[in-house]
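Take a look at the structure below.
Coordinate-derived values only; no laboratory data. These numbers were taken from a predicted model, which means no experiment stands behind them. Methodologically, a virtual Cβ is constructed for each residue, glycine included, from the backbone with ideal geometry; neighbour enumeration extends over all protein chains shown.
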Amino acid sequence: MEAITIHEDMPTGVSLSQEAARAFDSLGIRYEQAYGDLPQRREMVERLIGLLPPSGRVLDLGCGTGRPAAEMLAAAGMRVTGIDVSGTMIELARAQVPKAEFVQADVLTYVTDDASWDGICAFFSLLNMTRAELNATFAALARWLRPGGHLAISTVPLDAEGVVVDLLGERFRVTSYSAGEFIQQLTSAGLHVLTSETTQYVPDSDSKGRSEEHLYCLARRPAET
């Protein structure tokens, strides 16, 4: 992970979610300009659409500006709800994807019924929490999916907790797992990982051509017998 610069430390006193909200409020549309056209993410959304029932309910966690995931899902006729901790991102998403619903919320405190979503996507949106919170979120996603429902998820595979990174000039702390451990944690949460793939991506904003490693997984909540 070279395009995201890791730092040793930064002042604390706010939660990781609050740091993320501040950072992405500042980034705004710049984040879409740098990361909005990830080919593997578009492919993953297309695969998710192919697995969903017509007019399926889909939750987009960390929806950002609404593009491309919520936009693609809504265009395919899905009933999409996007949540994000950043008020700026929610405003952009509402303007850009009027066919979807967007709510400013933190996944750690978001309340929704169990077994109520046909699909959930979480693209690079579960990095700003502790590992305990991340594991609890995996378990929540498994509960929120209907039996047979699907999860499309991506992360930066990194064996670290609370490391300070610089992303497009904004600094905040992130947590993840190595690729193998990330898949294992999804499995431990009760999800069946159907596919996993790592890719290298060079952000358009990085003039030095440095790359990031990305992990994409497609998982399924087993159908009840």
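Within the shell of other residues whose beta carbon sits under 14 angstrom from the beta carbon of residue 96, the net charge comes to -3, with Lys and Arg scored +1 and Asp and Glu -1. Can you give me the angle between helix 16-27 and the longest principal axis of the chain, using Cα atoms only, in degrees from 0 to 90, rounded to the nearest 10? Rounded to the nearest ten degrees, it is 80. Note on region 53-144: dipole from Cβ charges, positive end direction compared against 87, 132, 66; the farthest Cα belongs to 66. For the chain, the Cβ-based charge dipole about the Cα centre amounts to some 600 debye (Lys, Arg positive; Asp, Glu negative; other atoms uncharged). Projecting the Cα positions of 121, 15, 172 onto the charge dipole of the chain (unit charges on Cβ atoms of Lys, Arg, Asp and Glu, taken about the Cα centre) puts 121 furthest along the positive direction. Each eigenvalue of the Cα gyration tensor of the chain, multiplied by 5 and square-rooted, gives one semi-axis; in descending order these are 25, 20, 17 Å. For region 176-188, 3J(HN,Hα) computed residue by residue from phi via the Karplus equation (6.51, -1.76, 1.60; θ = phi - 60°) reads 7, 10, 4, 4, x, 6, 4, 5, 4, 5, 4, 5, 5 Hz, glycine and proline entered as x. What you get for region 138-196, charging only the Cβ of Lys and Arg (+1) and of Asp and Glu (-1), is a dipole of about 300 debye around the Cα centre. Each listed q (0.10, 0.22, 0.24 Å⁻¹) maps to a log10 I(q)/I(0) for region 124-225 from the Debye sum over equal C-alpha point scatterers, namely -0.30, -1.17, -1.31.
Beta-bridge orientation, the chain: approximately 55 percent antiparallel, per DSSP, counting only bridges with both partners inside.
Taking GluC sites (Glu not before Pro) as exposed when DSSP calls them loop (any state but H, G, I, E, B) and at most 15 other Cβ atoms lie within 10 Å, what is the longest stretch of the chain free of them, the sites themselves excluded?
Longest stretch, sites excluded: 9-223.
Considering only 191, 50, 144, and ranking their Cα positions along the charge dipole of the chain that arises from unit charges at the beta-carbon of Lys, Arg, Asp and Glu, the one farthest toward the positive end is 50.
Helix 131-144 versus the longest principal axis of the chain: what angle, 0 to 90°, nearest 10, using Cα atoms? That works out to roughly 20 degrees.
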